[in-house]
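The values are calculated or read from the model by the stated rules, or taken from the named source; none is laboratory data. Predicted model only: the values in this text are computed from it and were never measured. Don't worry about glycine lacking a Cβ; one is built from the backbone with ideal geometry, like all the others, and counts go over all protein chains shown.
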Amino acid sequence: MALYNVESINIRSRNTGEADKIITLFSKHYGKIHAIAKGGRRPTSKFGGRLELFSYNHMQLATARTLDIISQCEMIESFYKLRENREKLNAGFYMVKLIDIITEDRQKNDELFELLLGALYALGSSTDANVLCRAFEVKLCDIEGFMPSEAMLERKFKKLPLIVGRLLGDFESIPNDLTERDLEISGRVFRELISEHTGKDIRKVRAAI
C-alpha cells in the first residue's frame with residue numbers, strides 16, 4: 001500500500017465494524033477523502049481525540065481498494081472550544097456540513113480549505129457565531145463563482161450589496177453594525193443561491209442558533 005500525507009480537517013465521522021471509525025476529511029491538497037481509522041473507537045486507540053469533529057491534523061494515509069487507511073495522525077489544532085459552547089458548536093457543524101454537501105470527492109480546492117480553516121479559528125475567538133455563518137455563506141459563493149452582481153443583489157434587498165461588502169471582509173474585522181434583519185435576509189438569499197447552484201437543498205441544514 002502506498003503512503004501519502006495530508007493536512008486536513010475532520011468534517012464527518014461514523015462508526016463501522018466493532019471498533020472502527022470512518023472519517024470524512026477535507027484536505028488542503030486532495031479535497032474530500034473518506035478514510036478508516038482501525039480501532040478508532042477503542043479507549044486505548046492511538047488516535048485519541050484526533051478523530052473528533054473539527055480536528056485539524058497532519059495525517060499519513062495508506063491507499064486501499066475502497067477506503068484509505070489512517071496510519072498516523074498528529075494534531076495541529078483541536079478547536080475544543082467549539083465543542084464547549086452550543087452556539088459555536090452549531091455554527092461549526094453548519095460550516096463543515098456545507099463543505100461536505102457542496103464538494104465532490106478528491107476535488108482539490110485550496111481556497112475552500114483555507115475558508116473553512118479560517119472560519120473555525122475565528123469561531124474560537126468570536127462572540128457572534130451568527131455573523132460568521134453569514135460571512136461563511138457569502139465567501140463560499142464568492143469562491144465558487146456564483147456571487148450575484150450588485151444589481152441582482154439590490155433587487156433582492158436594497159441594502160444587500162452593502163451587507164455583502166461587510167461580510168466579505170476578514171472574519172476578524174467584520175463591522176458590528178449589521179442588524180438581525182440584515183443577517184436574516186443575507187442568510188436566506190445565500191442559502192437559496194447555494195441550493196440553486198449545487199442542486200442540493202441546503203435550506204434544510206440547520207444554521208447557527
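In the range 120-205, which helices (runs of 4 or more DSSP H) lie fully inside it and hold 3 or more residues that are without any contact (Cβ under 8 Å) to a residue 24 or more places away in the chain and surrounded by fewer than 20 Cβ atoms within 10 Å (Cβ to Cβ)?
Qualifying helices (runs of 4 or more DSSP H): 150-156, 160-167, 180-198.
Condition check: over 27 Å from SER45 (Cα atoms), in contact with a Ser or Thr (Cβ under 9 Å, 6 or more places away or on another chain) and not basic (Lys, Arg). Does LEU112 satisfy that?
The answer is yes for LEU112.
Out of the residues in the range 98-119 that are in contact with a Phe, Trp or Tyr (Cβ under 8 Å, 6 or more places away or on another chain) and assigned to a loop (DSSP other than H, G, I, E, B), which is surrounded by the most Cβ atoms within 10 Å (Cβ to Cβ)?
The qualifying residue surrounded by the most Cβ atoms within 10 Å (Cβ to Cβ) is THR103.
Being assigned by TED's automatic domain parsing to the domain that holds LEU193 and in contact with a His (Cβ under 8 Å, 6 or more places away or on another chain) is true for just one of ASP142, ASP105, ASP128. Which residue is that?
The unique qualifying residue is ASP105.
What is the residue count in the range 64-82 for residues that are more than 17 Å from LYS21 (Cβ to Cβ) and either touching a Phe, Trp or Tyr at 6+ places or on another chain (Cβ under 7 Å) or without any contact (Cβ under 8 Å) to a residue 40 or more places away in the chain (or both)?
The qualifying residues number 7.
Here is a yes/no grid of residues against (1) within 30 Å of THR127 (Cβ to Cβ); (2) surrounded by fewer than 21 Cβ atoms within 10 Å (Cβ to Cβ); (3) among the β-branched types (Val, Ile, Thr):
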residue: LYS32; (1), (2), (3): no, no, no
residue: TYR56; (1), (2), (3): yes, yes, no
residue: ALA62; (1), (2), (3): no, yes, no
residue: GLU87; (1), (2), (3): yes, yes, no
